[in-house]
Amino acid sequence: MDTKPFTSGLGGNAVVITRVADRQWHALDDDLVVGRAHAQHRPDGRLFVSIDAWHDVAFDLLAEAMLAELPSPLYTLVDEADVELTAGWRRAGFSIRRREWEYVVPTDPRVTGLDEVLPPPGVTIVPSGRADESLLREVDRAIRDEVEATVGWQSMPAEVVPRPEGDTIVDPSKYAVAAAPDRYLGLIRVVRVKRPRIGLVAVRAGEQRRGIARALLAHALGTLHHSGATAAWAEVQESNQAATALFDGIGARPMSSNLELVR
């Protein structure tokens, strides 16, 4: 455990920054914890940092301590409505990399207009929990490679679900897929914890613009509707015009926005 004192000017006391564990720090003011910070690798390999502090002095000192020890680049994700937190990261040298909109998505097919949507000829929807795991992993890997070769997987919404090293399918039972006779063409992942969240909708590059994504959404949202859920949530990057059009077209509404910052 490492400690480093900084004079805060608050009540004449010194704020002490303590590294309490690997990539975890506390700010102490007269033995009272006034801030916490930690860093964590996301599944895509990037290092994300976060700080929860009582006041700007503790925030700035925690940021200074972290930046002195951690390699660049560093990333953080903040609610755009939290002006104070955003300002703190800007003081630490972070800048806005991208914006993600959080959408609330209705599940009622009479609202979404998806009640009569079917997959294109030769394509069937395999419900969650019934997908062949080897074919699921194959289509996931193919789509990730396609995205990485174009806009880069880092352009996708930040993935926060922990997973074993090198494994991009955390729980195969969460995925429904669009299937051709010999392979899978697309997938959708829905996770239900506190509220249903559409974590990923993706289709192979050569199979796009055939209505497969809409068919996957129709299936997933219809399943949620029948289970009693009135809405789901999804994150869409502001620059992803295709995804924005897809969700706008089914009556989804942007409710809040997150900023991804980088230093």
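Here the extension length gained between ARG183 and ALA87 equals 29.8 nm, from 0.36 nm per residue of separation less the Cα-Cα distance. Using every pair of separate Cα atoms, the Kirkwood estimate puts the hydrodynamic radius of the chain at 20.5 angstrom. Length available on full extension from LEU70 to HIS41: 0.36 nm per residue minus the Cα-Cα distance, which gives 9.3 nm. Extension gain for ALA245-ASP52 works out to 65.9 nm (0.36 nm per residue, less the C-alpha to C-alpha distance).
Could you tell me how many degrees, from 0 to 90 and to the nearest 10, lie between the Cα long axis of helix 56-69 and the main elongation axis, the longest principal axis, of the Cα atoms of the chain? Compared with the principal axis, the helix lies near 80 degrees. In a DSSP loop and with at most 16 other Cβ atoms within 10 Å, the trypsin sites (Lys or Arg not before Pro) in the stretch 199-251 are ARG209.
The residues of the stretch 36-144 present an accessible area of 51 Å² per residue when probed at 1.4 Å with all protein chains retained.
Given a 1.4 Å probe and the protein chains as shown, PHE247 ends up with an accessible area of around 10 Å². Taking the Cβ-Cβ separation of GLU80 and ASP30 as r and a Förster radius of 45 Å, what is the calculated FRET efficiency to the nearest 0.05? It comes out at approximately 0.85.
Extending 7 Å from Cα along the Cβ direction at GLU116 and again at ARG253 yields two label points whose distance is 2.7 nm. Accessible surface of the chain, 1.4 Å probe: 51 percent of it comes from carbon and sulfur atoms. The distance between label points at VAL193 and HIS226 comes to 2.7 nm (points 7 Å beyond Cα on the Cα→Cβ vector).
The values are calculated or read from the model by the stated rules, or taken from the named source; none is laboratory data. Owing to the predicted nature of the structure, the values given are computational and were not obtained by experimental measurement. No Cβ is skipped: glycine too gets one built from the backbone with ideal geometry, and neighbour counts run over all protein chains shown. Keep in mind that these areas ignore ligands, DNA and RNA; they rest on the heavy atoms of the full protein, side chains included. Shrake-Rupley method; radii C 1.70, N 1.55, O 1.52, S 1.80 Å.
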